[in-house]
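Structure record follows, encoded as structure tokens.
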There are 2 protein chains.
Amino acid sequence: MTDILTSLAPLADRINQTLADLIARDSAVVARIGGYSFQGGGKRLRPLVFCLVAAALGLETTPAVMTTGAAFEFLHQASLLHDDIIDLAEVRRGRAAAHLAFGVPETVLAGDYLLAKASRLVAELDNPACLRILARLAGTMALGELAQLGARRQVDIGAAEYFRIIYRKTAVLLEGAAKCAALLAGAGAAAIAAAGRYGRKLGLAFQIADDLLDYQGDEASLGKPVGHDLEEGKITLPFILAREALPPARRERLRRLAGPAAGPLGPEARLEIHALVAEGQGLASARRKAEDLAARAAQALALWPPSPAREQLAGLAGYVTARSC
Amino acid sequence: MTDILTSLAPLADRINQTLADLIARDSAVVARIGGYSFQGGGKRLRPLVFCLVAAALGLETTPAVMTTGAAFEFLHQASLLHDDIIDLAEVRRGRAAAHLAFGVPETVLAGDYLLAKASRLVAELDNPACLRILARLAGTMALGELAQLGARRQVDIGAAEYFRIIYRKTAVLLEGAAKCAALLAGAGAAAIAAAGRYGRKLGLAFQIADDLLDYQGDEASLGKPVGHDLEEGKITLPFILAREALPPARRERLRRLAGPAAGPLGPEARLEIHALVAEGQGLASARRKAEDLAARAAQALALWPPSPAREQLAGLAGYVTARSC
């Protein structure tokens, strides 16, 4: 797994340099909040996918292409800034969330600015198809977050609804980044569709892995409270698959513990939920689902000509899922 | 003044119908928040300007043109939703602000969605120049709001900085709406520039009038506290022009009363600030400035061929300033 990260390091460095250059040109306050947000780390998954799809389909990753790829990272950072306000998150990547460091008003506005910056960078391309993709997916992401808010503590949410939510809040951005790169590379309809399929399945696998981490942290050191998602009432795939697999009485217990009538979750309730999710094989089943999606992401690229970039895209899909193990 | 509103009523009705149709197609939660925000009222100034500029330059206001005009209203509504969170406003147009009625998370996201919706509606045009204008101005608006936050309680702010802030937070959107309409009408460079000049000066006049209303309400019924702007530390044109006109001792008193060292403003301090602003002729001077800008907005259209729409644009400039009287 470190192999793929080593192989991607030179590209990731170029992406980070592009992001730093673009942020440095911003007004002082945006540069401060944006810089804080970016310095927190992150895998730069969206520009990586953009650049690798471009390279795999024969488009040289010139500075202009890197800049367009950066737009997808700016959109992602904008949504992180707003999501942390929404989730009342206090910590992001081991540091105070931006809204606590800079204030809610400044963080709302810095997010708005980064959303507009993403549009502006893509608007400079004069490629209306890419712009339509970007505008649509930004709206879809907001709808996904809204749907997630509406689904809080909905303990009977099905896997289909879960996938609809994570497609909108996460996968649509990777799908859009991959499709835009293919469009700019002048690829044919089949190759563009394959790029979209890769990004979509990668995004779904990535989000499931992320949702698993919220349970896994706990599993690694028993006694720690179950993660933030559950506290916020987010019902994710491990819970859903466990609920479906448990016998009726245990299922009912799980539903009651996490349902809206239960009130704020205490540490005991969280541990019991965690135990029930493990009992119903929720973690293992969700991990299998993520691995299956990652494999299908890599398969989507089978029709492209072989290239180092195509191999790296396949490796990235494997890496994304391995995070949860 | 009611003449111009009567003359614009049929167009305003069509705009409201377009907005209602576009909102009705949205997901339930966005439709609820968006509908609430729109039902609160408003002059639909941005789509009015868009449609009138289009008509004055020979572009028929088809449903597609109305839809593009609506994009500028969606962008405006998005910024209102976020601004109310930023300003901790409790009331908007006589009702609870959206974030109190629906929650901060839902309102942040509904704003994000409307921002993306505005981009999407303009992206459907396949006119890259319009999209670049929209993407740029959305970023500029966020920067203007950030600059305004940074200028809170800056009692020595000059008129030039005030104008830079209100250009970015308010006028740039009207300038962009007018320029996009001229672009879509296929106007020449001079007519496009005139449209931009009209929108910019109209926007500046409009914002000064808005800032005057925050003082005027008080003037109308003495004893009421000075408005919300001052409470938030917003230093607007009446204050700035009064500060410049007052003799040194009175100026110093005004600076101290509103400055960062003064702490939260009590009713007495607010009344005294108000009296000092009146003493320095701040309201009359600011009103003259707004009227001058409105007149220059109308003059910007002098080279266009005469038309009912051109007359309505001139009338709109007059109306916008008259609001403060």
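Rule-of-thumb check for the protein assembly as shown: C-alpha Rg over 2.2 N^0.38 Å?
Numbers: Rg = 26.7 Å, N = 650, 2.2 N^0.38 = 25.8 Å.
Scaled against compact globular proteins, the figure is 1.04.
Counting other beta carbons within 10 Å of each Cβ, put A:13, A:112 in order, fewest first. Before the final figure, lay out the partial values.
Working: A:13 11, A:112 27.
Exposure proxy ranking, most exposed first: A:13, A:112.
State the three equivalent ellipsoid semi-axes of chain B, derived from the C-alpha gyration tensor as the square roots of 5 times its eigenvalues, in descending order and whole Å.
Computed over chain B, the values are 34, 24, 17 Å.
Tell me, what does the Kirkwood hydrodynamic radius of the stretch A:1-81 come to in angstroms if you use every pair of distinct C-alpha atoms?
Radius from the Kirkwood sum: 13.1 Å.
Once Rh for the stretch B:29-156 is found with the Kirkwood sum over Cα pairs, what is the Stokes-Einstein diffusion coefficient at 4 °C and 1.567 mPa s, in µm²/s?
Working: Rh = 15.7 Å.
Here the translational diffusion coefficient equals 82 µm²/s.
At residue B:17, label 7 Å along Cα→Cβ: distances to the other copies, nm, ascending?
5.8
Compute the signed sum of charges (Lys and Arg +1, Asp and Glu -1) over the other residues within less than 14 Å, Cβ to Cβ, of residue A:59. Walk me through the numbers on the way to the answer.
Working: positive: A:179, A:310; negative: A:60.
Around residue A:59, the surrounding residues sum to +1.
With unit charges on the beta carbons (Lys and Arg positive, Asp and Glu negative) and the dipole taken about the Cα centre of the stretch B:2-322, which residue among B:290, B:70, B:187 sits farthest to the positive side?
Comparing the listed Cα positions along the dipole, B:187 ranks first.
Evaluate the charge dipole of chain B about its Cα centre and quote only its size in Debye, nearest 20, assuming +1 on the Cβ of each Lys and Arg and -1 on the Cβ of each Asp and Glu. Provide the component values of the computation, followed by the final result.
On the way: 37 positive and 34 negative charges, 112 e Å.
Magnitude of the dipole: close to 540 debye.
What percent of all Cα-Cα pairs in the stretch A:181-292 falls in each 10 Å bin, counting up from 0?
Result returned by the calculation: 14, 39, 24, 12, 10, 2.
Quick one: 3J(HN,Hα) in Hz for the stretch B:244-257, Karplus 6.51/-1.76/1.60 with θ = phi - 60°, rounded, Gly and Pro as x.
Values per residue, Gly and Pro as x: 5, 8, 6, x, x, 5, 5, 4, 4, 4, 4, 4, 5, 4 Hz.
Placing +1 on the Cβ of each Lys and Arg and -1 on the Cβ of each Asp and Glu in the stretch B:2-322, which of B:18, B:114, B:135 has its Cα farthest towards the positive end of the resulting dipole?
Working it through, the farthest residue towards the positive pole turns out to be B:135.
Cross-link list A:117/B:234; B:169/B:201; B:117/B:234: which exceed 22 angstrom alpha carbon to alpha carbon? Mind dumping the intermediate values first?
Working: A:117/B:234 27 Å; B:169/B:201 13 Å; B:117/B:234 30 Å.
Checking Cα-Cα distances, A:117/B:234; B:117/B:234 exceed 22 Å.
If each residue's Cβ is checked for other Cβ atoms within 10 Å, how do A:175, A:268, B:232 rank with the fewest at the top?
Details: A:175 25, A:268 10, B:232 17.
The order, fewest Cβ neighbours first, is A:268, B:232, A:175.
Might you report the magnitude of the Cβ-based charge dipole of the protein assembly as shown about its Cα centre, with Lys and Arg at +1 and Asp and Glu at -1, to the nearest 20 debye? Don't skip to the answer; put the middle values down first.
On the way: 74 positive and 68 negative charges, 129 e Å.
Magnitude of the dipole: close to 620 debye.
Sorted from shortest, what are the nm distances separating the label point of residue B:28 from equivalent points in the other copies, each placed 7 Å from Cα along Cα to C-beta?
Spelled out, the distances from residue B:28's label point are 4.8 nm.
Per residue of B:74-86, count partner chain C-beta atoms within 10 Å of its C-beta, then hand back the mean as an integer. Each step should come with its number before you reach the end.
Details: counts 0, 1, 0, 0, 2, 2, 0, 1, 6, 3, 0, 4, 7.
Taking all residues of B:74-86 together, the mean is 2.
Can you list, shortest first and in nm, the gaps between the label point of residue B:58 and those of its counterparts in the other copies, using a point 7 Å from Cα in the C-beta direction?
The answer, with the shortest distance listed first, is 4.3 nm.
Only Lys, Arg, Asp and Glu count, each charged at its Cβ (+1, +1, -1, -1), so figure out the dipole size of the stretch B:240-325 about its Cα centre, rounded to 20 debye. Before the final figure, lay out the partial values.
On the way: 13 positive and 8 negative charges, 33 e Å.
Roughly 160 debye for the stretch B:240-325.
Using +1 at the Cβ of each Lys and Arg and -1 at the Cβ of each Asp and Glu in chain B, identify which of B:262, B:162, B:102 lies farthest towards the dipole's positive end.
Towards the positive end, the residue furthest out is B:162.
Bear in mind that the values in this text are calculations on the coordinates, not laboratory data. Since we're looking at a predicted model, the values are computed, not measured. When we count neighbours, we look across all protein chains shown, and the Cβ atoms used for this are built from the backbone with ideal geometry, even at glycine.
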